[in-house]
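Right, one structure below, let's go through it.
The values are calculated or read from the model by the stated rules, or taken from the named source; none is laboratory data. Predicted model, so just to flag it, every value in this text is computed and none were measured. Neighbour counts run over all protein chains shown; Cβ positions are idealised from the backbone, glycine included.
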Amino acid sequence: MEKTEITNKLTSIFKKVFDDNALVLSNELTANDVDNWNSLSHMMLITEIENLFSIKFRLKDLNKMRNVGEMIDIISLKLT
Amino acid sequence: MKAGEFIIRPATVKDIPFLADTIIEAEKAGTDILSWSTIFGLTEAETRKYISVMLSEEVDGCELSVSSFLVAEINGQVVAALSAWIEGKNNESSIQLKGNLLSYVLPRDCIIRASAIYPVIQEVHIDYIPGSIQKGAGYIVRDFRNKNLFQILTNEIIERLLKSDPNIAQAYTQIYGCNIPAIKANEKIDFKIVMEKQSSNEEILRYLPSNRKLLLKREL
């Protein structure tokens, strides 16, 4: 799957989890930049991503995701 | 470090059972409501088991990190624990680290249940402030209270974190509004209330010990 397609799918998940239709993803986006990004919403985000892409992250992978760009890279690797 | 008759030391994986109890007792805030149970649909025993699993993953930098805790020990017995960490150290957000552990360890049905409850409980959420010390769960066994242990542990944990980053200027802690003893104990050691969040939705009291959360700050 192309990174653009991953980004598009992630955008819809982010909008749903953070209840913000205006949310625009960028590679640099972090938890500090988004309202209501807390441990519970992060847990929901990860679960939605795993469901949508039919993948299961290792804890090591999750802890490497410091911004959206790193999240996209890891999802892309999981899908290859 | 020796503080009177107590030995103050960093926690290790051998302390995980006590640390799990510390997290549970702190979360109850002096009430019978354990949010881990009400939000995730777990018994207290299941909560203890999953918290122990998360602690044993040894992820550093959040409230579920063994390395965030100091413990006080007397005659080989741990009688108190307190956690604190530097928020956002190494560009790692503690909320992401905790959220990663929750999503990795908890069963899916717990996460689905929590997702439904989330809009109610998020009304009292207060963000952590990057670049500051966040003081988390603390607990002292009843027989060892009133021995100044809370102050000793707080000062020691702040001192140790400042050694790793002397530029940090504030320490924060978040406390439920119902937990008057914890609020008073923190005010005694120079933490001041700087913000509060309250929900008018009574449903929140089904899940959390209080509908009010306070943010306290200490200038360093």
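Assorted remarks:
- Residue match in region B:91-109 (condition: crowded, with 17+ Cβ neighbours inside 10 Å and farther than 20 Å from A:Lys64 by Cα): no
- Count of region B:1-29 residues which are modelled with pLDDT of 95 or more and outside any helix (DSSP H, G or I): 7
- Qualifying residues in region B:52-110 (those that are part of a loop (DSSP other than H, G, I, E, B) and modelled with pLDDT under 95) - the one farthest from the other protein chains (Cβ to nearest Cβ): B:Asn75
- Any chance A:Phe53 is surrounded by 13 or more Cβ atoms within 10 Å (Cβ to Cβ), over 23 Å from B:Ile126 (Cα atoms) and either at the interface with chain B (Cβ under 9 Å from one of its Cβ atoms) or without any contact (Cβ under 8 Å) to a residue 60 or more places away in the chain (or both): yes
- Residue match in region B:25-45 (condition: within 14 Å of chain A (Cβ to nearest Cβ), farther than 25 Å from B:Cys178 by Cα and in contact (Cβ under 8 Å) with a residue 40 or more places away in the chain): no
- Any hit, region B:113-124, residues being outside any helix (DSSP H, G or I) and over 16 Å from the mean Cα position of the chain (by Cα): no
- Selection from region A:20-50 of residues that are at the interface with another protein chain (Cβ under 8 Å from one of its Cβ atoms), in a loop (DSSP other than H, G, I, E, B) and free of Cβ contacts under 8 Å to residues at least 24 places away in the same chain: A:Asn36, A:Trp37, A:Asn38
- Scan of region A:57-76 for residues that are closer than 24 Å to B:Phe40 by Cβ, in contact with a helix residue (DSSP H, G or I) (Cβ under 6 Å, 6 or more places away or on another chain) and not in a helix (DSSP H, G or I), ordered by number: A:Met65
- Among the residues making up region A:4-19, those that are within 13 Å of chain B (Cβ to nearest Cβ) and in a helix (DSSP H, G or I) are A:Ile13, A:Lys16, A:Val17.
- B:Asp143 more than 14 Å from chain A (Cβ to nearest Cβ) and among the charged types (D, E, K, R): yes
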